[in-house]
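The values are calculated or read from the model by the stated rules, or taken from the named source; none is laboratory data. Computed from a prediction, not measured in an experiment: that's the story for all the values here. Backbone-built Cβ (ideal geometry, glycine too); neighbour counts: all protein chains shown. SASA here: full protein model, heavy atoms, side chains in, ligands and nucleic acids out. Shrake-Rupley method; radii C 1.70, N 1.55, O 1.52, S 1.80 Å.
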Amino acid sequence: MNIQKAGYHGLYFPELKIALDGYHPDADFVFISHAHADHMPRNRSASVHATPATLGLMELRGFRGRSNPINFHETLDTGRCTVCFFPAGHILGSAMIHIESDSGTLLYTGDYRTPPSPASEGFAAPESVDYLITEATFSLPIYKWKSHEELAEEIRNFAKDSLEDEHTPVFLAYNLGKAQEIMHMLASLGYPMMIHGAGYKLCSVYEKFGYDLGNYSAYDRATCEGNILITPASALSNGFASNVSKKRIAYCSGWAALESRQTQLTVDKLIPLSDHLDFFELIGFCQRLSPKKVFITHTPNPDVVQHYLQKSGIDASFLQLEAPSEE
Amino acid sequence: MPISFRTFCETIQVIRGTRSTNTKIGLFAQLLQQIDEPWELKLAAQFAGEGAFDEISGKRASVGSRTSGLAAANFCEIDYDYVFKPCRTATGSSSEAIEKLMENISAAIKKRSPKELSLTDIQQIFEDLRAARNRSDKEIILQEAWKKMTPVEIKYFIRILGQGSLRIGFETRSVVASIAKAFSKNFEDVRYAHMITGSIGKTALLASQNRLNDAEFRLFHPLSFMLASPIESRMIEHPEYYLAEEKFDGMRAQVHVSGNSVQIFSRDLNDITRSFPEIIDFFRQRDMPPTVLDGEICVYKNDTILPFQLLQKRMGLKKPGKKILQEYPVLYIAYDLLYSGNEPVFDLTLIKRSELLKKIAAKYNLAVASQYEISGEEDINYLFEQALKHGNEGLMLKRKNSKYEYGQRRKSWLKVKKPGGSFDAVIMYAHAGSGKRGGTYSDFTLGISVKNDERYEEEFIPIGKAYCGYTDDELKKLNDRISELAVERYGPTLGLLPKLVVEIEFDDVQVNKRTKAGYTLRLPRFKAIRWDLGPNDINTLKDVEKYYQNKLQQERLPQDQNPSFSFH
């Protein structure tokens, strides 16, 4: 199996002439797993195949190329291989890409989460594959997530308790995926919410696909006090809600599992809500699919995953596509 | 009701997650109030504020992070190098990594069946660890103890064992405040008792029994040193409120003496008596009544104070030989008096303490730092230059009406130091930070150029490691750039292409034979990141050598005129 780098940190398969999550000039087809910036092609005018939800989100985030929708479980024959999308449970529209060719079957996970995010189309995977290319963002046994029910309860309680103490609750969350997941979890409370502009414009896609995001509006500095606020962490240092003196801040991310984040970000609470699977789910998933070979990407610690997979008899190696970065 | 170690740890964990200092103090005060067993109360305060043992007892469990890490890896049945080390790097804390592994890994979950251990039980385990001779015995004790604990107990058990801060944003001052609050005592009274007893546990006990007055200073028990703050501007308001002294190029030391008995303590309160036999002899010959002095040990020869670098040859030597004693003779120069006439005098003002000190010095012929009145910036500049000519580090300004504020760094003592040197160096390695800098690369090994140096094969060699002086934004930028320049990874360390140039500032250059360069920098820190410079623009090892030689050979004015100190 020949795999090359495509674009910023996508993959290119020269024999199949397809590129995944990145633009390559020789590719007949470019498939995009989901609409996060590190998976979208840098070439904004490329022609890409992705799920309708992903395409909708990409267009709102500046993609101007040709969009070819492909639904979950639908197969597409490129002439050199057949391609099928499986729901990845990461964010709305996120897909794992299954490729069948003369060299066997391959599953490229993109970013994925099982059990799936409640604000996604769920999770499904083939029973087995020959090759697995998996992300491994949280690839250490220190990462083990609580259930979505428990985390949703923590999030609702944080919002309720803060408001009861007359403090404005602020959730720090990435503006695509995590933000809407939190809004979906808070929707049942019925409290007014305000979301940072970059995330606000994406909410309509979620609603179009039937996800209740509750009673929300775009962030407005003058009137934000007393609303539940949702913003990326970076906006906080640029004056977001700086006019509200009584607020409580929760950081929602897989990285919130690390205690040092509390002092680094100066927040009141860490809620380890991740849109990636944890270490144990990752190893379990690889074992279930029992591929001939696992390629590990998107991780600062490939050695640890490799060590565990090799212990259970699965051949694994690191596919370095980019320098390790944060979620 | 005695509280369990688990309750203690769970409270500590809540304190950790709380941002307001007052709330933290309130939470711990509540916990202290719940304990009615005196011994357990002592332990609770001690565990939170000092560690497994009373600081002054000098006892140590001697369990290093490698021992606890290996014990935890074995307990969890994971590989120490492959799995444990990356977990520790990611969290930036060995104990936090262990907590998470204990919670997540099924092999560990199966072995643990938490019991309600009392604080006394925990203290017994610390004693057992101290008594254990070797690492494997210690590992067995740790693992047996962990079987009875929850993950959060294990985390704090390890941190308490480390005999340092629990790293929960709740330092000794806050523990003192909690004790005051819990037992409705005046904060200053509790602080006083703490400084006198040197034991936060004992202080809690005295406070709970309304016996704070029992706290008394004892001879041959070191008292924490009063510390100075850097001066912000030489244009101080009311210079007439201060006395100036030269800041000696030596080593801070506290001398306790009573007749034939003499003990010397270092800044970190270690007993260093045996390293300086001539000081012992000096005081023994004087047959003094009980006295405690604060001052400086300097190498002193031919009426001249010699560089600190030479004193280093005496430090750490338990039994200096004749040759060393002849070559690097030392002198103790006193500048403060803490105990005299059978009572502590640190609550007197500096003026009164100085008067007493001079009287004693005159009677027993001791060396005492010269003190000068100042009336403005000009005087400060003049005295500062004079201090530098003597080879000293700079000037101390001490507020005349201040008490001896043991263990505190406040504005009563101000230090005027000359700026250190600076070199342009290149970042060779980036190291993952720990504690609050966990998860970022925050420590940097800096290299100087040996490109045209025939003694070396390499282009750059390390000269020091810096981990401060940058802003949060600069650190972020550095981290972005580092990920692009990384070419090798050794666990928590990245090897970088030598591209990033940093201007580093340092207090001094020291000889260190164990390093490749043969020199290390004292207190290196970032002064500026020089995005405008490249690796060809940096300083060379020859520049470092020149700096050192200049410093060593710098003329030092003998003490015959305007001396920095005098024998009264």
Every pair of residues 6+ apart whose Cβ atoms lie under 6 Å, when the first sits in region B:314-343 and is assigned by TED's automatic domain parsing to the domain that holds B:Leu395 while the second is small (Gly, Ala, Ser) and assigned to a helix (DSSP H, G or I):
B:Leu317/B:Ser275
Just for region B:122-149: of the residues that are outside any helix (DSSP H, G or I) and free of Cβ contacts under 8 Å to residues at least 24 places away in the same chain, which one is surrounded by the most Cβ atoms within 10 Å (Cβ to Cβ)?
B:Ala132
Residue match in region B:339-347 (condition: part of a strand (DSSP E or B) and within 20 Å of B:Ser412 (Cβ to Cβ))
yes
Which of the following residues is over 28 Å from A:Asp130 (Cα atoms), free of Cβ contacts under 8 Å to residues at least 40 places away in the same chain and small (Gly, Ala, Ser): A:Ala218, A:Ala250, A:Ala233?
A:Ala218
Does at least one position in region A:96-106 carry a residue that is of a type outside the set (Lys, Arg), farther than 20 Å from A:His298 by Cβ and touching a Phe, Trp or Tyr at 6+ places or on another chain (Cβ under 6 Å)?
no
Name the single residue that is nearest to B:Tyr241 (Cα to Cα) among those in region B:377-421 being open to solvent by 80 Å² or more (accessible area, probe 1.4 Å) and more than 26 Å from the chain's Cα centre (by Cα).
B:Asn401
Write out, first by first residue and then by second, each pair whose Cβ atoms fall under 7 Å of each other, whose residues are 6+ apart or on separate chains, and whose first residue, in region B:53-79, is more than 19 Å from B:Glu139 (Cα to Cα) and among the charged types (D, E, K, R) while the second is assigned to a helix (DSSP H, G or I) and open to solvent by less than 70 Å² (accessible area, probe 1.4 Å).
B:Asp54/B:Gln46; B:Asp54/B:Gly201
For region A:37-51, enumerate the residues that are open to solvent by 50 Å² or more (accessible area, probe 1.4 Å) and either touching a helix residue (DSSP H, G or I) at 6+ places or on another chain (Cβ under 9 Å) or not in a loop (DSSP other than H, G, I, E, B) (or both).
A:Ser47
Tell me, which helices (runs of 4 or more DSSP H) wholly within region B:153-227 include 1 or more residues that are open to solvent by 30 Å² or more (accessible area, probe 1.4 Å) and free of Cβ contacts under 8 Å to residues at least 40 places away in the same chain?
B:172-182, B:187-197
Single residue of region A:247-291 satisfying the filter (of a type in the set (Gly, Ala, Ser) and assigned to a loop (DSSP other than H, G, I, E, B)) that is nearest to the other protein chains (Cβ to nearest Cβ)
A:Ser253
Given (1) over 30 Å from B:Gly435 (Cβ atoms); (2) touching a helix residue (DSSP H, G or I) at 6+ places or on another chain (Cβ under 7 Å); (3) of a type in the set (Gly, Ala, Ser), identify the lone condition not met by B:Ser233.
(2)
Counting only strands (runs of 3 or more DSSP E) entirely within region B:415-484, those with at least 1 residues that are touching a residue at least 40 places away in the same chain (Cβ under 8 Å) and within 14 Å of another protein chain (Cβ to nearest Cβ) are B:421-432, B:441-449
Which of the residues belonging to region B:506-521 are touching a residue at least 24 places away in the same chain (Cβ under 8 Å) and either open to solvent by 40 Å² or more (accessible area, probe 1.4 Å) or more than 19 Å from B:Met428 (Cα to Cα) (or both)?
B:Asp507, B:Asp508, B:Val509, B:Gln510, B:Val511, B:Thr515, B:Lys516
Of (1) assigned to a helix (DSSP H, G or I); (2) away from every other protein chain (no Cβ under 13 Å), A:Ile296 satisfies every one except (1)
Restricting attention to region B:10-47, and to residues there that are within 14 Å of another protein chain (Cβ to nearest Cβ) and under 17 Å from B:Phe157 (Cα atoms), which single residue is most open to solvent (accessible area, probe 1.4 Å)?
B:Val14
Of the residues A:Arg64, A:Arg80, which single one is charged (D, E, K, R) and within 30 Å of A:Gly197 (Cα to Cα)?
A:Arg64
Identify all residues within region A:87-113 that are modelled with pLDDT of 95 or more and either touching a Cys at 6+ places or on another chain (Cβ under 7 Å) or among the polar types (S, T, N, Q) (or both); write none if there are none.
A:Ser94, A:His98, A:Ile99, A:Glu100, A:Ser101, A:Thr105, A:Thr109
